[in-house]
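Novice: Below is the structure I would like to discuss, written out as structure tokens.
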Amino acid sequence: MSDPLENLKTTPYTGFHKSAGAKLVGFAGYQMPIQYGGIISEHKAVRERVGLFDLSHMGEFEVSGSEAEKFLQAVTTNDVSVLEIGQVQYSCMTYEDGGIVDDLLIYRLEENYMLVVNASNIEKDFEWLSEHLSGDVQLVNHSDKISLLAIQGPKAQLLLEELTDFDLDGLAYYRSTREEVAGQELLFSRTGYTGEDGFEFYIPNDEGDFFWNALVNAGQKYDMALIGLGARDSLRLEMKLALYGNDIDQKTNPYEAGLGWIVKLDAGPFVGSDALARIKKDRPTRRLVSLVLEGKAFPRPGYKIFEGTEEIGAVTSGTISPSMGIPIALGYVPRRLSKPGNRVEIEIRGKRFGANVVKPPFYKKPADSKAE
């Protein structure tokens, strides 16, 4: 019987994952670790200490040329013009009707821009951007040449201080820099997808082994754990961070998804801006909300949401929160039910469970959580 993973791409770290006993699954065309020792223990390691993530399946595009800023302003929803060199911006791209092409990060570098896009959308995004190219702009897909590692957790800065002389206190949230790490210069940033402090390292593929070993060796002092996609998903869900393909997609718009803060209509026209202006004026008919379920049921994507006998929506993401031990979910409900305090029901295997709309994020850091 053939191996279902054998035709999938690998990252420079796949051998390390196998050696560490990871359970590998197919994700976005890659062999990726879903877990090592267990999702709950990995999740808690990030909340309490520090974890190492292989995110090499993500896509990286270079945008350069004298009209690069003008181009990005015309194809993304946020205001690219405000970016300083070294700053990172969360944004999204939308279709003409306001539906989301993808959400992404935009890095303003010294001589160009770097876009970091979701792994499952690399080909689609590159084709969509290529179709909208105009003027003196060059668009290059570097996704297969760059690997991406991240460390996340309250001890992430302490770990990185073992490997660099750069003053990390001077690197603000959503900023990047190019400095020496473990004796070699590379681009790294301070963003994250977990609600914890952390850093991302953009590494040429041929230097992957070196940086993996450097991070693992330095991480021993802080009891660093290797983190798979399972814990990455539960960590982001506790913070109500949207996942493309689950919570946002072509059929959702930024306003109903709670992403109106990255739509800057006053910055000038962009693909989808007319539709989004209408949606903002009329107000979206539904909203993505955070739900805490009663009881111990496990909410999963696709489960129906009810108000009385009326089906009003569906769960887009759900899990038992490893940090709090309670069932949490995201889902779209009519706008009239979207304020915290409203109550709905979720159907799970033929049984209804009460669920309360709550203010996000689900997980709030303890006041004393900062590492000493």
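Novice: Counting only residues that are without any contact (Cβ under 8 Å) to a residue 60 or more places away in the chain and of a type in the set (A, V, I, L, M), give me the helices (runs of 4 or more DSSP H) lying completely in the stretch 126-238 with at least 1 of them.
Specialist: 156-161, 208-219
Novice: Could you count how many residues in the stretch 77-107 are closer than 13 Å to N253 by Cα and either free of Cβ contacts under 8 Å to residues at least 40 places away in the same chain or part of a loop (DSSP other than H, G, I, E, B) (or both)?
Specialist: 6
Novice: Next up: Criterion first (outside any loop (DSSP other than H, G, I, E, B) and assigned by TED's automatic domain parsing to the domain that holds R108) does F71 satisfy it?
Specialist: yes
Novice: I'd like the residue in the stretch 302-354 that is free of Cβ contacts under 8 Å to residues at least 40 places away in the same chain, of a type in the set (K, R) and more than 22 Å from L259 (Cα to Cα) and, out of all such residues, is surrounded by the most Cβ atoms within 10 Å (Cβ to Cβ).
Specialist: So, considering only residues that are free of Cβ contacts under 8 Å to residues at least 40 places away in the same chain, of a type in the set (K, R) and more than 22 Å from L259 (Cα to Cα), the one surrounded by the most Cβ atoms within 10 Å (Cβ to Cβ) is R343.
Novice: Is it true that E48 is in the same structural domain as K23 (by TED's automatic domain parsing), out of contact with any Ser or Thr (no Cβ under 6 Å at 6 or more places or on another chain), touching a residue at least 24 places away in the same chain (Cβ under 8 Å) and crowded, with 23+ Cβ neighbours inside 10 Å?
Specialist: The answer is no for E48.
The rows are residues; the columns are (1) under 19 Å from the mean Cα position of the chain (by Cα); (2) at pLDDT 95 or above; (3) crowded, with 20+ Cβ neighbours inside 10 Å.
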residue: L237; (1), (2), (3): yes, yes, yes
residue: N253; (1), (2), (3): yes, yes, yes
residue: E256; (1), (2), (3): yes, yes, yes
residue: W261; (1), (2), (3): yes, yes, no
residue: F270; (1), (2), (3): no, yes, yes
residue: A277; (1), (2), (3): no, yes, no
residue: R287; (1), (2), (3): no, yes, yes
residue: S290; (1), (2), (3): yes, yes, yes
residue: L293; (1), (2), (3): no, yes, yes
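Novice: Of all residues in the stretch 120-136 being crowded, with 18+ Cβ neighbours inside 10 Å and among the hydrophobic types (A, V, I, L, M, F, W, C), which is farthest from the chain's Cα centre (by Cα)?
Specialist: Ranking the candidates gives L129 first.
Novice: Next question, about the same structure. Return the residues of the stretch 115-125 that are without any contact (Cβ under 8 Å) to a residue 60 or more places away in the chain and aliphatic (A, V, I, L, M); say none if nothing qualifies.
Specialist: L115, V116, V117
Novice: Is the stretch 214-221 home to any residue that is buried (at least 22 other Cβ atoms within 10 Å of the Cβ), in contact with a Lys or Arg (Cβ under 9 Å, 6 or more places away or on another chain) and closer than 25 Å to I122 by Cβ?
Specialist: no
Novice: Tell me which of these P361 doesn't satisfy, since it passes every other one: (1) farther than 30 Å from E42 by Cβ; (2) touching a helix residue (DSSP H, G or I) at 6+ places or on another chain (Cβ under 9 Å).
Specialist: Every listed condition holds for P361 apart from (1).
The values are calculated or read from the model by the stated rules, or taken from the named source; none is laboratory data. None of these values were measured; they are calculated from a predicted model. Quick reminder, even Gly has a Cβ in these numbers, built from the backbone with ideal geometry, and neighbours come from all protein chains shown.
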